[in-house]
Amino acid sequence: MSRFIILGGIVLHDCIMGCSIIVGGFFGDEGKGKIVAHVAHKDKPSIISRGGVGPNAGHTVQVGEKEYGVRMIPSGFVFPDARLFIGTGVLINPDVLKAEIEMTGVEDRIFVDHRCSIIEQKHIDLDKADEYLSKTIGSTGTGCGPANVDRVNRVAKQAQALPELKKYLIDVPFEINTALDKGETVLLEGTQGFGISLYYGTYPFVTSKDTSASQIAADNGVGPTRIDDVIVVFKAYPTRVGEGPFGTEMTREESHSLGIEEFGTVTHRERRIGGWDGKMAGYSAMINGCTIAAITGIDNVDEACFGATEYSQLTEKALAFLKQAEEDIGVPIKLISTGPEMTQIIDIR
Ligand code: IMP
Ligand code: MG
């Protein structure tokens with residue numbers, strides 16, 4: 001939400017305040033990590049907290065020449081002034097978490113909710129050995145499904161039971177709601193995408209949890225009335241990894257001829273690539289309660305847009321695409337990503 005601070009009749013500055021959620025509008029890998037990184041640098045949240053399933057998600061963030069892939073810590077870690085949380089609903093793999101803390105150097109500002117469920121080796125073994133999950137569904141094999149089963153069966157371990165996590169434990173909902181009471185800005189990061197939501201996706205070819213904005217709020221213990229903006233990220237050419245229906249899927253020949261080739265951050269599987277799906281975009285925007293749409297990969301629509309940072313640099317071809325996409329989504333597109341690097345973006349919020 002934009003707020004104008006008016007003092008004595010003078011507009012001091014406008015800023016983005018309150019609580020925003022960023023989620024994926026298609027099948028995941030829409031470039032949420034990049035959008036989060038940009039929004040964090042611009043809006044300067046005091047807290048960036050992650051919702052979603054668990055370490056099955058891989059978020060890529062590129063800052064300058066450096067590229068990071070994270071699966072547990074919020075991709076907003078590249079913004080150095082925020083505390084980083086992992087929300088109550090998220091599954092934690094302690095080994096992945098520790099390795100990422102070391103890689104990113106966020107030891108002194110990362111916290112996890114004491115009630116987070118833990119992924120153990122047995123969950124990973126089960127995920128990989130289960131023919132239905134590994135072959136038919138095409139699970140990432142990271143143990144998330146079986147760990148969520150244990151959580152529902154109420155036999156899963158919680159973060160507070162592990163001495164190695166003791167120093168990171170916090171009450172995430174309390175911290176976030178208190179920050180919001182003080183007028184601070186909070187960013188909630190979703191994972192995966194709308195199309196693989198357990199409830200709204202292409203069941204049974206889905207992940208083990210809902211992935212919509214409401215779920216991301218619930219994962220962090222933030223009530224629906226406290227959310228100011230929902231940014232839904234759509235990819236100009238959506239992708240899907242794993243099995244399941246993909247209405248606008250192209251052949252490998254088609255996508256390669258467009259110069260698009262992508263590989264998964266977690267599993268390194270080659271992603272399936274499709275054309276813009278306006279119907280899915282609209283439905284996804286509706287269920288997510290989208291207030292701001294973001295489009296990534298506009299440089300795949302027209303190469304000439306690569307790296308643009310101003311709206312005026314967009315070509316006619318790109319503008320025509322955006323016009324159609326905006327009609328389909330039904331909400332203004334205010335963030336347009338023009339390349340993988342964090343600063344390659346047009347922000348007209
Ligand atoms: P699982 O969540 O690992 O059980 O995988 C279930 C399905 O969701 C598979 O098709 C995965 O490829 C897909 N999936 C899970 N997480 C992600 C993600 O972060 N991005 C894209 N696809 C995902
Ligand atoms: Mg990903």
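For the subset of the stretch 147-167 comprising residues that are without any contact (Cβ under 8 Å) to a residue 60 or more places away in the chain, not basic (Lys, Arg) and not in a loop (DSSP other than H, G, I, E, B), which member is surrounded by the fewest Cβ atoms within 10 Å (Cβ to Cβ)? I'd like the intermediate steps shown before the answer.
Our first condition is that a residue be without any contact (Cβ under 8 Å) to a residue 60 or more places away in the chain; within the stretch 147-167, this holds for 149-150, 152-158, 160-161, 163, 166-167.
With not basic (Lys, Arg) added as a condition, the list becomes 149-150, 152-153, 155-156, 158, 160-161, 163.
So of that shortlist, the ones also not in a loop (DSSP other than H, G, I, E, B) come out as 149-150, 152, 158, 160-161, 163.
Working: Val149: 14, Asp150: 20, Val152: 11, Gln158: 17, Gln160: 15, Ala161: 11, Pro163: 7.
For the stretch 147-167, the residue satisfying everything is Pro163.
Looking only at the stretch 189-220, count how many residues are surrounded by fewer than 20 Cβ atoms within 10 Å (Cβ to Cβ) and either free of Cβ contacts under 8 Å to residues at least 24 places away in the same chain or assigned to a loop (DSSP other than H, G, I, E, B) (or both).
7
Which residues, counting only those in the stretch 56-86, are among the charged types (D, E, K, R), more than 16 Å from ligand 2 (Cβ to nearest atom) and over 20 Å from Pro45 (Cα atoms)?
Glu65, Lys66
Which residues, taken from the stretch 298-343, are in a helix (DSSP H, G or I) and in contact with a strand residue (DSSP E or B) (Cβ under 7 Å, 6 or more places away or on another chain)?
Of everything in the stretch 298-343, those that are in a helix (DSSP H, G or I) and in contact with a strand residue (DSSP E or B) (Cβ under 7 Å, 6 or more places away or on another chain) turn out to be Ile298, Tyr311, Leu322, Ala325, Glu326, Ile329.
I'd like the residue in the stretch 296-313 that is hydrophobic (A, V, I, L, M, F, W, C) and in contact with a helix residue (DSSP H, G or I) (Cβ under 6 Å, 6 or more places away or on another chain) and, out of all such residues, is surrounded by the fewest Cβ atoms within 10 Å (Cβ to Cβ).
Filtering first and then ranking leaves Phe306.
Report, ordered by the first and then the second residue, all pairs with beta carbons closer than 7 Å, sequence separation of six or more or different chains, a first member in the stretch 253-273 that is within 14 Å of ligand 2 (Cβ to nearest atom) and assigned to a loop (DSSP other than H, G, I, E, B), and a second member that is of a type in the set (Asp, Glu) and at pLDDT 90 or above.
Arg271/Asp29; Arg271/Glu262
Just need a number here: residues in the stretch 64-94 that are β-branched (Val, Ile, Thr), touching a Gly at 6+ places or on another chain (Cβ under 8 Å) and in a strand (DSSP E or B).
2
The values are calculated or read from the model by the stated rules, or taken from the named source; none is laboratory data. Values in this document were obtained by computation on a predicted structure and should not be read as measured data. A quick note on method: Cβ atoms are made from the backbone with ideal geometry, for glycine too, and the neighbour counts reach across all protein chains shown.
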